Amino acid sequence: MEEKGFDNMDNFDSGRVSFDFKGFLFKALNLWKLVLICIGFALVVAYLINVRKQNVYTMSSLISIENDQNPFFTANTSISFNWGGVSGKVGKILTTVRTRTHNEKVVDSLEFYMQYLVEGKYRKIDIYKQCPFYFEIDKSKGQLLNRPIGIRFINKTQFEIFIDFAAPRASTQIYESKKRAGANVPVGAFRQIFSIGEKIELPFLNGVIHKRNERTINPETEFFLLFQNFDSVVQRYKSSIKIAPFNKSSSSILRLVLNGTNKSKLVDFLNATAAILSKSELETKNLYATNTIRFIDSTLSTVSVNLQDVTKEMNEFRKKNSIFDVDDEISQISQQLKKFDLEHQAEESKLNYLNNLENYLRTKTDYTKIAAPTSVGIDESNILSSVAKITALSIERQNLEYTAKEGNVLFKDLDRQIDSEKNVLLETIDATKRTIGIQLGTLNRNISNLESELSQLPEEQQEFLKIQRKLDISQEAYDIYTAKRSEAAIVKAANVSDISIIDEAKDIGGGKIGPNKTLNYMMALMMGFFSPMFLIFVIFLLDNTIHGSDEVVQLSNIPILGLIGKYKYRNNLVVFEKPKSAVSESFRAIRSSLQFIFKKQNIDAGRTLMITSSVSGEGKTFCSINIATVYALSGKKTILLGLDLRKPKIFGDFDISNDSGIVNYLIGEESLENITHKTHIDNLSVVPSGPIPPNPSELLMSENLRDLMVDLRQQYDIIILDTPPLGLVTDALELSQYADAIIFMIRLDYTKKGMLQLINAKYRAGEVKNISFVLNFYKHKSNHNYGYGYGYGYGYGYGYGVYGNAYHEDGRGPSLATRIKKMVGLKS
C-alpha cells in the first residue's frame, strides 16, 4: 500500500498523473439525472422534428439512347446522317439534363413556379393536382412573388381573394419574359370577390381560375397560390435531378432520378424531362433536312418563276406564228441540245452551291445551317463527309455553350477541329470547282456545235427551238427540285427521335426515403448521451480541486486521520454548543485517532498538536478550536496558541481581546500569565496572537518560543498550535519542530490538487513527521470514495462523516435550492 502511494506521489510531482477513468465514471454516475434530462430533451427535439418534417420521396424513369437510321435512307437520299454515334449522344444527354436551358424548358412547360397550397398542421402543404381548381396564368403580366395569395370559396361559383400588405410596393415577375418588376399594392387587408372563369386583373395577380371537372369545391374552403422566382425554381430542380447509366453493361440506357416532397410533381417533371429531351433530339436530327428543304424552297421559287416566264414566252410565240413540226433530224439535234443544256444547268447548280458554300465557310461562324450537298446532285464523298463533320462539330459546340464558359479548353479543341475540317473542305471545293469548270467547257463546245447546225434553219424555227429548249430545261429543273424537296420532306417526316422512354415515371406507392425517423431518434439518443458526457469529461479534465478521499489517496501517501462534515453554525464552537451533532462526533473520532499516534511516542510531558493547511479558508482555525474543545471536555488541560501572527482569528469566538498576545510575550513585553486567557470552557485556555508584527517569521524562530513550548509542556496536557498556511509562508514549517503530531487540513471542493505537491515533498524528505490529513466539508458520496470504507486506516472518523451528512441536531434540513441541485445531480 505504501509503495503504491509513493509511486502515485512521484507521478504527481513529475506532472505525469494518469487519467482517472474510474473517477470520471463515478462522476458521470453521480450526474446521471443530468444525462437523463439531456437524453429526454434530445428525444423531444427529435420528435418535434419528425412530426414537422415533410416526407421525402424518390422517383425514377428509364430512357434509351439509340442510333436509329431513317427508314428511307439510301445512297441517293442521304439527307440525314449519324451525329457521332451512340456514345456521343449519351454524353450530350448527360450534359443536357444538367443544363439550365433544358430545366427552364421543363419548369416553364409545367409551370412549377406556381404552387397550390392549403393550410396544414405545421405548414402550408403543396397539393398540386389535388387542388379542385387550376389557375390560368396571364404570363404577359406580373404575379406576386414569394407571398401566398389566399383564395376562399364563398360558394360553388364565387371566391374571395384575400391578402395583407404591409408596404405599398411588392415584387412581381412576368413569366413570359422572366423579368422582375415592382407593383403598387394597397396597404392593409385586401379583399375582393370574383367568379369562376372571370378574368382577374390585379396589380399582384393576373389570370383566370377554372374549376376542375372531377373535383368538388366546398364553401368556406381556403387555398393559397404561391408564385416563386423562376430562376430559383430552375436552379433547385437543376441541382436535384440526377442522371446516370442504368448499369455498366449498357451505357445507352440512362436512369433519371429526382427526390422531393410531392410525388405527383416528381412524376410529371421526370416524364416532361424525357419528352423534352426526345423532342430536342428530334429537332437536332431534322436540322440537316430542314436546312436542305429551306435551300430547295428558295431555289425552287426562282426556277418556278423562270418556268412561268418561258411558258408565257412560248404561248405568245404560238399566237403569233403558225404551229409547225420539225423533221426528225432537227428533232434529234434538239434533243441532244436539251440533254447538254440540262447537264450544263446541273453543273452550274453545283458550281453555284460550291461558291455559296465557300463564301459561307469564309464569312460565317455558325455552320449548323449548311444545306445537304446532295440537294444539288453533289455526291463527292469527301464533300459529303466534311460537311457532315463540320455540322456535327458545330452542334456539339452549341451544346457545350450551355455548360462551359467561353475560353474553356474544350471550346479551343472543338474550334481547332472545325478549322482543320473546314480547310480540308475548302481545298476539296476548289478541286471540285476546277473539275466542274472543265465539264462546263466541254458542254459549252458541244452546245455551240449543235447550235451551229441549227443556224441554217429558218429564223422562226430557230426561235421556236430556242424557246422549246428553255421550256424543257426549266420544266426539268422544276421537276428535279420538286423531287428533291419531296425526298427531304419524306426523310424529315420519317425521322424518329433517338431517345425513347423505356420505363416512364409513375406513382405506384412507396418511394419514401425520408425523413429517417428511427435514425433521428438514434441521433438524438446519442447526442443526448454524449453531449453531457463530453461536458462532464471537460469539466472533470479541467477540474483541479479535490473532491473526495479517493483523490487524496491517489495523490499522496500521507494517511487520512478523519473526515469532518459540512455544518453551518453561527460560530466555531460547534463541539461545545452542539455536543450531539455529527460534527462533534467527527472531532471525537479524530481525538481517538490522535491517541494512537501519541501513544507510540512515549512522551511523558504534554503533547503538542500543530494544525495547518495549504491556503487560508480551509478550516484550520475551526479545526483548532474544536479539537482543543474535545480535549478540554475530556478532562485534559488544554491550551490553544494562536501562532498565525499574520492573520489572527481565534480570539473572536471566545470574546477575548487581541490587544496583547504571544507576540508581546516573544518580544518581552508581557509574561505568559498576562497573555493567557481562561475561557468559559473548562480546562481550556487560549493565547491569542496579539498585534500583527512586522517580522513574524523571526519571532517564531526566536529562543523565547522554544522556552515557551518547554514551559507549556510542563503545565498542560494538550497544546494546540493554530499556525499559518503551509503553502503560503514558511512559518508553519518552522513550528513543525515543536509538534508531536501535525494535522494538514484539506477542504473538499476547495483545496487544489497542486497544493499537495509541497507537503508530499516535505514528507518524503522527512522535514515533517507524524503528519495526517483531515478532510473538511466532507459529504458522503460513493463515487468519491470507491474502495474505502470502515476498513480504511482511521475509519472511525469516516463513519461519523457519513453519519454527519444526514444528521442535523438543530432540526434544520437542507435548503430548497440544495434539494433541487441534489435532485438533478449537480450538487457535488
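The values are calculated or read from the model by the stated rules, or taken from the named source; none is laboratory data. It should be emphasised that the depicted structure is a prediction, and the values quoted were computed from it without experimental measurement. Here the Cβ is made from the backbone with ideal geometry for all residues, glycine too, and neighbour counts use every protein chain on show. Remember, those area values only see protein heavy atoms, side chains included, never the ligands or the DNA or RNA. Shrake-Rupley method; radii C 1.70, N 1.55, O 1.52, S 1.80 Å.
Only one entry of S301, S280, S232 meets the criterion of being out of contact with any Pro (no Cβ under 9 Å at 6 or more places or on another chain), more than 30 Å from T58 (Cα to Cα) and of a type outside the set (A, V, I, L, M, F, W, C), and that entry is S301.
For segment 739-754, check the following and say yes or no: at least one residue is over 60 Å from the mean Cα position of the chain (by Cα) and more than 21 Å from K636 (Cβ to Cβ). Working first, answer last.
Keep residues of segment 739-754 that are over 60 Å from the mean Cα position of the chain (by Cα), which gives 739-742.
Now narrow it down to the ones that are more than 21 Å from K636 (Cβ to Cβ): none.
Looking for residues that are over 60 Å from the mean Cα position of the chain (by Cα) and more than 21 Å from K636 (Cβ to Cβ), one finds none in segment 739-754, hence no.
If the condition is being open to solvent by 30 Å² or more (accessible area, probe 1.4 Å) and of a type in the set (A, V, I, L, M, F, W, C), then segment 624-655 contributes L633, F651.
Within segment 722-732, one or more residues are hydroxyl-bearing (S, T, Y), surrounded by 24 or more Cβ atoms within 10 Å (Cβ to Cβ) and modelled with pLDDT under 90.
Given the criteria within 27 Å of the chain's Cα centre (by Cα) and either touching a residue at least 24 places away in the same chain (Cβ under 8 Å) or open to solvent by less than 90 Å² (accessible area, probe 1.4 Å) (or both), does K506 qualify? Let's see the steps before the verdict.
Values: within 27 Å of the chain's Cα centre (by Cα): no; either touching a residue at least 24 places away in the same chain (Cβ under 8 Å) or open to solvent by less than 90 Å² (accessible area, probe 1.4 Å) (or both): yes.
Answer is no for this residue.
Mind checking whether some residue in segment 302-311 is among the aliphatic types (A, V, I, L, M), modelled with pLDDT of 80 or more and assigned to a helix (DSSP H, G or I)? So far as segment 302-311 goes, yes, one or more of its residues are among the aliphatic types (A, V, I, L, M), modelled with pLDDT of 80 or more and assigned to a helix (DSSP H, G or I).
Scanning segment 662-683 for residues that are on the phi < 0 side of the Ramachandran plot and buried (at least 17 other Cβ atoms within 10 Å of the Cβ) returns I662, V663, N664, Y665, L666, E670, I675, T676, H677, T679, I681. Restricting segment 207-257 to residues that are under 27 Å from E66 (Cα atoms) and open to solvent by less than 20 Å² (accessible area, probe 1.4 Å), the residue that is nearest to the chain's Cα centre (by Cα) is I241.
Count of segment 509-552 residues, restricted to those that are open to solvent by 30 Å² or more (accessible area, probe 1.4 Å), part of a helix (DSSP H, G or I) and not charged (D, E, K, R), is 21. For N76, the criteria (1) modelled with pLDDT under 80; (2) under 30 Å from D543 (Cβ atoms); (3) not hydrophobic (A, V, I, L, M, F, W, C) hold in every case but one, which is (2). Yes or no: segment 376-391 includes at least one residue that is open to solvent by less than 50 Å² (accessible area, probe 1.4 Å), small (G, A, S) and outside any helix (DSSP H, G or I). Scanning segment 376-391 turns up at least one residue that is open to solvent by less than 50 Å² (accessible area, probe 1.4 Å), small (G, A, S) and outside any helix (DSSP H, G or I). In segment 749-763, the residues that are open to solvent by 60 Å² or more (accessible area, probe 1.4 Å) form Cβ pairs under 7 Å with partners that are in a helix (DSSP H, G or I), at six or more places apart or across chains, as follows: Q757/F12; Q757/D13. Quick one: V686 ticks every box in (1) out of contact with any Leu (no Cβ under 6 Å at 6 or more places or on another chain); (2) open to solvent by less than 30 Å² (accessible area, probe 1.4 Å) except a single one, so which number is it? (1) is the only condition that V686 fails.
Counting only residues that are open to solvent by less than 10 Å² (accessible area, probe 1.4 Å) and either outside any helix (DSSP H, G or I) or not polar (S, T, N, Q) (or both), segment 587-607 holds 6 of them. Scanning segment 36-67 for residues that are touching a residue at least 12 places away in the same chain (Cβ under 8 Å), in a helix (DSSP H, G or I) and more than 27 Å from the chain's Cα centre (by Cα) turns up just one, I37.
Checking C623 against (1) more than 60 Å from the chain's Cα centre (by Cα); (2) of a type outside the set (K, R); (3) modelled with pLDDT of 90 or more, which test does it fail? For C623, the exception is condition (1). Is it true that some residue in segment 469-491 is touching a residue at least 12 places away in the same chain (Cβ under 8 Å), closer than 30 Å to F41 by Cβ and of a type in the set (D, E, K, R)? For segment 469-491, residues touching a residue at least 12 places away in the same chain (Cβ under 8 Å), closer than 30 Å to F41 by Cβ and of a type in the set (D, E, K, R): absent.
Pull up segment 105-158, narrow it to residues that are assigned to a strand (DSSP E or B) and of a type in the set (D, E), then point me to the one that is least open to solvent (accessible area, probe 1.4 Å). Taking the candidates together, the pick is D126. Looking across segment 608-623, just one residue is open to solvent by less than 10 Å² (accessible area, probe 1.4 Å) and in a helix (DSSP H, G or I), and that is C623.
In segment 406-423, how many are of a type in the set (A, V, I, L, M, F, W, C) and surrounded by fewer than 15 Cβ atoms within 10 Å (Cβ to Cβ)? Even if it seems obvious, please write down each step before you answer.
Step one: filter segment 406-423 for residues of a type in the set (A, V, I, L, M, F, W, C), giving 409-411, 414, 418.
When the remaining residues are screened for being surrounded by fewer than 15 Cβ atoms within 10 Å (Cβ to Cβ), the result is 409-410.
Count: 2.
Applying the set (1) open to solvent by 60 Å² or more (accessible area, probe 1.4 Å); (2) of a type in the set (V, I, T); (3) under 16 Å from V106 (Cα atoms) to T261 leaves exactly one unmet item: (3).
For G188, indicate whether it is over 28 Å from E104 (Cβ atoms) and of a type outside the set (D, E, K, R).
Working: over 28 Å from E104 (Cβ atoms): yes; of a type outside the set (D, E, K, R): yes.
So G188 passes the test.
From the set of residues in segment 353-375 that are of a type in the set (F, W, Y) and modelled with pLDDT of 80 or more, which is least open to solvent (accessible area, probe 1.4 Å)? Step by step, filter segment 353-375, then rank; the result is Y353.
With touching a residue at least 24 places away in the same chain (Cβ under 8 Å) and in contact with a strand residue (DSSP E or B) (Cβ under 8 Å, 6 or more places away or on another chain) as the only criterion, which of I536, I590 stands out? If you could, list the steps in order and put the result at the bottom.
Working: I536 fails: in contact with a strand residue (DSSP E or B) (Cβ under 8 Å, 6 or more places away or on another chain).
Criteria check complete, one pass: I590.
Considering segment 466-503, and only residues there that are closer than 23 Å to K285 by Cα and among the hydroxyl-bearing types (S, T, Y), the residue that is surrounded by the most Cβ atoms within 10 Å (Cβ to Cβ) turns out to be Y481.
Counting only residues that are among the aliphatic types (A, V, I, L, M) and within 11 Å of G142 (Cα to Cα), which one in segment 173-189 is least open to solvent (accessible area, probe 1.4 Å)?
Filtering segment 173-189 down to residues among the aliphatic types (A, V, I, L, M) leaves 174, 181, 183, 185, 187, 189.
With within 11 Å of G142 (Cα to Cα) added as a condition, the list becomes 174, 181, 183.
Values: I174: 45, A181: 41, A183: 13 Å².
Going through the qualifying residues, I end up with A183.
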